[in-house]
Amino acid sequence: MSERSTTGFESAWDLASTIPGWLTEDQARLLFDSAQDLPDAPVLLEIGSHQGKSTIVLATAAHARGGRVVAIDPFVEGRLFGGASTRSKFERNVETAGLAGTIELVADYSTRARPAWDRPIDYLYIDGKHDYWTLSDDLKWAAHLPEGAPILVHDCYSSVGVTLGVLAHVLPSRNISYERRAGSLALFRVGRPSARDRARIVREVPWWLRNVAVKVLLRLRLRAVAARVFGHEGPYDPF
Ligand SMILES: C[S@@+](CC[C@H](N)C(=O)[O-])C[C@H]1O[C@@H](n2cnc3c(N)ncnc32)[C@H](O)[C@@H]1O
């Protein structure tokens, strides 16, 4: 990795790591690194921004290349996501990062914004609503990407809805190939997959089943069993 990108990542993660959210450092690095080969002035589209943890990582990478991030999030109400107060935190965090001018916020549902969208994008990050139908719709944003562009999917192998969507739409796709993952953040690219690429998706299925089993055990308050049987430490779902 070049000096510029290492420095950029570390300064982004210094701030992003203090923001509540669902992104490990390895995953943030994968988001950042996969934005390094984009054309100049790239447009990175993020679905699901929450308080801006991942947005700041993406916007740091975009800013270095004269580009920007389109951040789509309706800031849904409820205990998990926090609603309007989360939007205020998002705005404060991107301001603190000095990246407000690099980020265009679309405060809407991805499924509502997509049909009218007519601009090209260079990078797609999907981390919005995790049900099968929304994930299936979110994958359609890939129609705006050029050949070779990255598609990143969070919780790709830890959420029932997301994984079923990937198995239904990406596995048989002739235009999306699987590259690698950091935890459950998977990197795909626009391009014809080989049989080996497809087989590598199938080989992740046991790991997905393990993560679902861990989630069930945590719901049943059997944290000790999840630790003993699956080596999963802590109260949080695997992601
Ligand atoms: C798991 S969080 C995103 C985490 C964020 N990427 C981070 O790094 O912390 C999911 C977010 O998706 C948003 N969301 C829910 N439904 C959505 C939809 N249909 N379109 C876009 N965002 C959605 C929620 O408001 C929430 O902020």
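Could you say which residue among 61, 97, 142 is aliphatic (A, V, I, L, M) and within 19 Å of residue 20 (Cα to Cα)? Before you say what the answer is, go through the steps one by one.
Details: 61 fails: within 19 Å of residue 20 (Cα to Cα); 142 fails: within 19 Å of residue 20 (Cα to Cα).
Sole residue among the options that is aliphatic (A, V, I, L, M) and within 19 Å of residue 20 (Cα to Cα): 97.
For segment 39-71, name all the residues that are within 16 Å of the ligand (Cβ to nearest atom), more than 13 Å from the chain's Cα centre (by Cα) and of a type outside the set (A, V, I, L, M, F, W, C).
51, 60
Only one of (1) assigned to a loop (DSSP other than H, G, I, E, B); (2) within 12 Å of the ligand (Cβ to nearest atom) fails for residue 157. Which number is that?
(2)
Just to verify a result, which residue in segment 72-104, among those that are within 9 Å of the ligand (Cβ to nearest atom) and within 17 Å of the chain's Cα centre (by Cα), is most open to solvent (accessible area, probe 1.4 Å)?
Checking each candidate, the answer is 81.
Name every residue in segment 168-196 that is of a type in the set (D, E, K, R), more than 21 Å from residue 137 (Cα to Cα) and surrounded by fewer than 18 Cβ atoms within 10 Å (Cβ to Cβ), in order of residue number.
Let us first name the residues in segment 168-196 that are of a type in the set (D, E, K, R), namely 174, 179-181, 189, 192, 196.
Subset that is more than 21 Å from residue 137 (Cα to Cα): 179-181, 196.
179, 180, 196 - these are the residues of segment 168-196 that are of a type in the set (D, E, K, R), more than 21 Å from residue 137 (Cα to Cα) and surrounded by fewer than 18 Cβ atoms within 10 Å (Cβ to Cβ).
Please go through segment 105-136 and give me each residue that is over 15 Å from the mean Cα position of the chain (by Cα) and within 11 Å of the ligand (Cβ to nearest atom), ordered by number. Step through it out loud before you land on a result.
First pass over segment 105-136, keeping only residues over 15 Å from the mean Cα position of the chain (by Cα): 105-109, 111-121, 132-133.
106, 107, 108, 109, 111, 112, 113, 114, 133 - these are the residues of segment 105-136 that are over 15 Å from the mean Cα position of the chain (by Cα) and within 11 Å of the ligand (Cβ to nearest atom).
Which strands (runs of 3 or more DSSP E) sit wholly inside segment 15-116 and have at least 3 residues that are out of contact with any Ser or Thr (no Cβ under 6 Å at 6 or more places or on another chain)?
Details: elements: 43-47, 68-72, 103-106.
By residue number, 43-47, 103-106.
Name every residue in segment 119-141 that is under 12 Å from residue 47 (Cα atoms) and among the aliphatic types (A, V, I, L, M), in order of residue number.
Residues satisfying the conditions are 124, 126, 135, 139.
Give segment 16-36 a look and list any residue that's at pLDDT below 95 and more than 11 Å from the ligand (Cβ to nearest atom), or say none.
Passing the criteria: none in range.
The values are calculated or read from the model by the stated rules, or taken from the named source; none is laboratory data. In this text, all values refer to a predicted model and were calculated from it rather than measured experimentally. We place every Cβ from the backbone using ideal geometry, glycine too, and count neighbours over all the protein chains shown. Remember, those area values only see protein heavy atoms, side chains included, never the ligands or the DNA or RNA. Shrake-Rupley method; radii C 1.70, N 1.55, O 1.52, S 1.80 Å.
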